[in-house]
Ligand SMILES: Cc1cc2nc3c(=O)[nH]c(=O)nc-3n(C[C@H](O)[C@H](O)[C@H](O)COP(=O)(O)OP(=O)(O)OC[C@H]3O[C@@H](n4cnc5c(N)ncnc54)[C@H](O)[C@@H]3O)c2cc1C
């Protein structure tokens with residue numbers, strides 16, 4: 001494994017290699033086509049090309065009647081590479097060989113979508129390019145809304161439960177706040193994500209790993225009729241579905257097909273640092289959040305047993321300064337002497353307000369849709385919540401018989417997302433704008449003003465959301481408006 005030092009010496013090539021090891025293999029050339037390669041330039045010194053496909057009109061539907069009796073098992077099922085596109089196209093004519101829902105990407109959003117569609121009794125295929133469990137650059141912070149969105153009975157594999165937060169402002173003015181109750185939990189993403197996939201499998205979804213989706217097509221020779229989407233895999237195999245959910249992360253190909261537009265782009269750098277027992281003990285149950293030196297940046301220490309996840313995030317385009325921040329941060333914490341087991345970087349992207357969430361029979365959710373909290377860049381709860389909605393609406397779209405039905409259901413999906421997560425994102429954007437200009441004030445409020453700390457605790461616990469808080473408390477609303485000026 002590569003060390004944090006490899007990143008901190010500014011070796012961009014090495015950083016890309018680390019990302020490769022994290023299951024992002026072989027993407028560079030093809031992502032570059034979309035201009036959205038997370039791994040080729042994670043330090044963000046080059047501007048991202050945004051030559052995404054313009055969203056075309058919804059693929060027309062032919063108003064064909066409902067399927068007759070359904071095949072017991074779709075002909076293009078997992079693990080059967082002999083089943084080719086032509087064969088599938090033939091069988092599609094009478095509804096055989098067509099999955100109700102194909103989900104691309106088996107992170108939290110994809111697993112949640114597959115689970116939701118599978119518990120509704122539909123034929124669901126979940127496709128993942130990596131072998132599971134796969135590494136994901138992430139703090140693994142599971143806040144209340146993430147817990148609330150998990151499948152019933154899901155046991156979260158917590159590595160630690162947090163009831164204290166140490167805040168600092170670029171290493172200074174350090175203060176620890178404690179709570180009697182758990183604020184949020186910490187997981188290792190490989191284990192957490194794999195369990196989510198297992199839940200979807202138990203609900204009836206079929207899972208196929210080690211397969212990369214190259215593109216989806218909604219018209220043309222690979223598409224047998226207007227009620228079907230072709231999912232083309234690397235290597236040429238084609239699968240057919242009545243609807244597709246794109247859950248393929250922040251460099252999403254399905255997002256490019258839909259025409260998702262990203263506004264805010266940030267670079268996160270992280271090191272997984274194994275530490276001796278005495279150091280681990282010092283961190284147990286406590287995280288550190290450091291408001292950083294770059295506008296909108298912050299750093300964190302998330303303890304997970306004998307390993308500390310130490311990371312920073314900042315606007316893309318400041319790659320060298322972001323690396324320096326991580327280096328200084330690790331040094332200040334006295335952790336520079338410990339060799340990281342993993343050092344990696346990843347971009348996060350937030351959608352613009354007017355960005356589409358669907359195109360024809362294809363929906364996007366999670367990072368693929370640019371759904372994450374703009375201030376904290378918390379994305380797991382957004383992935384789980386939007387994934388569940390996408391799975392539910394994909395089922396309705398799968399059953400839609402014509403373009404009008406499809407349009408209605410996709411608008412309903414967009415409405416559900418915008419009314420919930422969209423509102424949370426717009427409040428998050430405002431808070432980020434305030435934080436970018438006045439980090440010291442935010443630090444002073446949260447460490448010195450009890451209601452601000454209580455609000456932080458309530459949000460992380462899931463007792464309220466930032467949007468709800470601003471809506472229901474006139475004082476919070478007035479404070480935010482005043483600070484925005
Ligand atoms: C440094 C950093 C720290 C973070 N910390 C936190 C945190 O503490 N808490 C939190 O809530 N959020 C955090 N986030 C955000 C969080 O990691 C993401 O929002 C979350 O993983 C989104 O889930 P997802 O399922 O949408 O995408 P992902 O988790 O990225 O999953 C996408 C999946 O799709 C697969 N895939 C991609 N392309 C294809 C393809 N073409 N074919 C098939 N499969 C494909 C990928 O292999 C991957 O498994 C952090 C992000 C970063 C960068």
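Every number here is computed from the coordinates shown, using simple stated rules; none is lab data. Bear in mind that the values here come from a model prediction, so they are computed numbers and not experimental data. As a convention, Cβ positions derive from the backbone with ideal geometry for all residues, glycine included, and neighbour counts pool all protein chains shown.
Remarks
- Beta bridge orientation in the stretch 120-227: antiparallel %, DSSP, nearest 5: 75 percent
- Cα gyration tensor shape for the stretch 442-485, rounded if a/c is under 1.5, else prolate or oblate: oblate
- Computed on the stretch 405-485, with alpha-carbon pairs under 8 angstrom and 6+ residues apart, the relative contact order is 32 percent.
- As a rough footprinting exposure proxy, the listed residues 339, 378, 318 were ranked by other beta carbons within 10 Å of their own, and the order from fewest upward is 339, 318, 378.
- Shape call, the stretch 118-161: gyration tensor on alpha carbons, a/c limit 1.5: oblate
- Three-way shape call for the stretch 331-485 based on the alpha-carbon gyration tensor, with the a/c threshold at 1.5: oblate
- In summary, the convex hull built on the alpha carbon positions of the stretch 291-368 has an orientation-averaged projected area of 7.6 nm².
- Unit Cα scatterers, Debye sum, the stretch 252-386: log10 I(q)/I(0) for q = 0.10, 0.13 Å⁻¹: -0.39, -0.62
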